[in-house]
Amino acid sequence: MANTRSADYTPPPNQHFGADESGGGGNDYDFNFEYDKRITENTAVIVNDGYSILQQQGAGTRNGWQNLSVALKWQAHVNAEHEVIVSLGVIREFARTGSASLGNDDVGSTTPTLYFGKGLGNLPVAWLRPLAFNKSIENRWTGGASVQYSLPYLQSQVRDLGLPEFFGRLTPLLEVAWSSPASKANSLGTQVLFGVGVVYTATAYAIGVEALIPGNRQTGTSVGFLAQLHLYLDDLLPNTLGKPLIDW
């Protein structure tokens with residue numbers, strides 16, 4: 001199966017979807033962090049937060065912390081033979097934990113979430129087996145999907161092309177994220193965002209870079225950029241921070 005570690009590069013739940021909520025031009029700079037801690041082998045708690053700088057024409061610059069978001073995630077089903085993984089989660093955003101000037105919600109929300117991943121290692125066409133599909137759905141009419149082509153899988157499971165080590169660790173990916181009003185309409189309407197990028201996966205870390213391309217005018221008119229660094233505490237600190245709290 002394509003490395004599932006490279007499939008988690010969708011924006012965090014509390015990241016601003018559009019930089020411009022007033023209809024004018026502007027820029028949005030987000031510095032987000034996420035900490036995942038396993039409770040048992042198949043369950044984890046995930047903490048998300050970040051610092052945002054919003055620059056809007058005619059409105060100056062606003063900055064501050066986003067609302068704190070905490071998620072619980074359970075790996076419900078794994079089928080290694082068919083390279084399928086399904087997880088269930090619930091995300092809680094805590095109101096008034098971020099800066100009011102950013103327009104953070106002043107009412108908390110709880111969002112059930114479904115995660116689904118499928119590798120294509122059982123396809124009869126060998127060159128298509130490194131493909132993997134990942135999808136998440138939330139009941140606020142927000143979701144995302146990604147398709148990756150894992151060169152590490154290609155090298156180890158299909159055919160060793162003798163690629164240099166750097167290129168043999170790359171996973172190109174294409175993502176799409178969307179958000180629609182779940183109840184009353186608002187000025188933003190439906191937003192669609194595309195991501196095109198690549199992930200470099202090492203033993204204990206991964207680095208991803210993406211271009212963020214608006215899919216419609218409600219999302220924005222300028223191309224953005226996303227860079228991420230993931231540290232795998234399971235490998236770096238297997239006996240301390242990387243160890244499940246309950247070792248069943």
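Computed from the coordinates by the stated procedures, all read-outs in this text should not be read as laboratory data. The shown structure was predicted, so the numbers you read here are calculated from the model rather than taken from an experiment. We place every Cβ from the backbone using ideal geometry, glycine too, and count neighbours over all the protein chains shown.
Of note:
- Cα→Cβ-extended label distance, 7 Å offset, between N216 and W74, nm: 3.5 nm
- Only lysine pairs 8 or more places apart, or on different chains, with alpha-carbon atoms under 17 angstrom apart are counted in the chain, and they number 5.
- Full extension of the segment from F166 to N27, taken as 0.36 nm per residue of separation minus the current Cα-Cα distance, would add 46.7 nm.
- By the beta-carbon count within 10 Å of each Cβ, the least crowded to most crowded order of T113, T97, T61, fewest first, is T61, T97, T113.
- By the Stokes-Einstein formula, at 0.692 mPa s and 37 °C, the chain with its Kirkwood radius over alpha-carbon pairs has D equal to 169 µm²/s.
- Sorting S150, S87 from the fewest to the most surrounding beta carbons within 10 angstrom yields S87, S150.
- The GluC sites (Glu not before Pro) of the range 80-122 that meet both conditions, a loop assignment by DSSP and at most 14 other Cβ atoms within 10 Å of the site Cβ, are E81.
- In this rough spin-label picture, where each label sits 7 Å from Cα along the Cβ direction, the V107-V209 distance is 4.3 nm.
- For the pair I246 and E41 in one chain, pulling the backbone fully straight at 0.36 nm per residue adds 73.0 nm over the alpha carbon distance.
- Spin-label model, Q57 to Y200: label points 7 Å out along the Cα-to-beta-carbon direction sit 3.7 nm apart.
- Sorted by Cβ density within 10 Å, fewest first, the residues F167, F194: F167, F194
- Within the range 105-248, the ratio Rg/Rh, alpha carbon atoms throughout and Rh by Kirkwood, equals 1.04.
- Relative contact order for the chain, counting Cα pairs under 8 Å that sit 6 or more residues apart, in percent: 15 percent
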